[in-house]
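> Pasting a structure below so you can have a look.
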Amino acid sequence: MKYIPREIVHEVNITPVHPLVDFGYLIGTVAAAAVAVYVGLGVAGAQIAARIGPEAEAKVGEIIFDSMFAEATLIQDGPQFEYTQSLAEALRSESLQQRPELKLHILDEDIPNAMVIPGGYVFVTQGLLDDIETENELAFVLAHELGHYEHRDTLRSLGRSLVFLSLNSVLALGGVQLPPMLTGSISLADLHYSRDQEQRADVYAIEMMHEHYGHLGHSLDFFKRLNESEPDLGAVNQVLEWQSTHPLTQSRIEELEALAKQRGWALAGEATALPF
Ligand SMILES: [Zn+2]
């Protein structure tokens, strides 16, 4: 068979494509590669995050804590602090005993909120402590966050940011600078949970309510009040955990009550008074 050389090279060179179109392709390719790296690092971050041991997690937690809360006003003493800390301790499941110990912080902010970050850092805002009416309400909120902690949801969620933060500090040592969009710090806006993660955290919380109080009575009252005023609260702050992650609403409450019924757990019971 006779070999016939193809003249592709010439054809490519004479293609009448405007240079701007070529430039567009180039930008497109670079952008696609950047997205691939971003997504890939995110996946890697989440994978690593889901596997690390308690000592590494404690270090990761420290980095995230320093990055997220450098500017925040934190309260770590006083009767409200002591009380909330010991309530959180009481709601720690057995498997959480293997993880870094809980470190409660009260954030001096008016908007009611709570969150947890890797390494056992638990945050409640002063606004939350002012808004709750019974211990049961506070217990549910704390237990929901401990559910995220037990399931390593925050490690997974912040994994990507953490990879970039670490990469940035390593490259900075070598005098290399990442583009600004890939640097910076970890913020609360990076904290996202899926609907499944929310549901699992809720299930952890009602199991804890059943274990701790023997019933679910008053545990969901805070959320019921929040739902009644949701139109006002919705626009306040996008990073609020229970406004930005849906559904928190009536359907979430109904799902929880249905699950409790299915397990034969009491939905009603006495409220435990707050000492403050
Ligand atoms: Zn949540």
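Throughout, read-outs are computed from the coordinates displayed, never taken from laboratory work. Worth saying up front: this structure is predicted, and the values here are computed from it rather than measured. Cβ: placed from backbone, ideal geometry, glycine included. Neighbour counts: every protein chain shown.
> Cα atoms only: what Rg and Dmax, in Å, come out for segment 23-262?
That works out to 19.2, 67 Å for Rg and Dmax.
> Just subtract the alpha-carbon distance of residue 131 and residue 73 from 0.36 nm times their residue separation and send over the number in nm, one decimal.
Extra length from residue 131 to residue 73 when fully extended: 19.0 nm.
> Let me ask you something else. For a Förster distance of 51 Å, can you work out the FRET efficiency between the beta-carbons of residue 39 and residue 276, rounded to the nearest 0.05?
0.65
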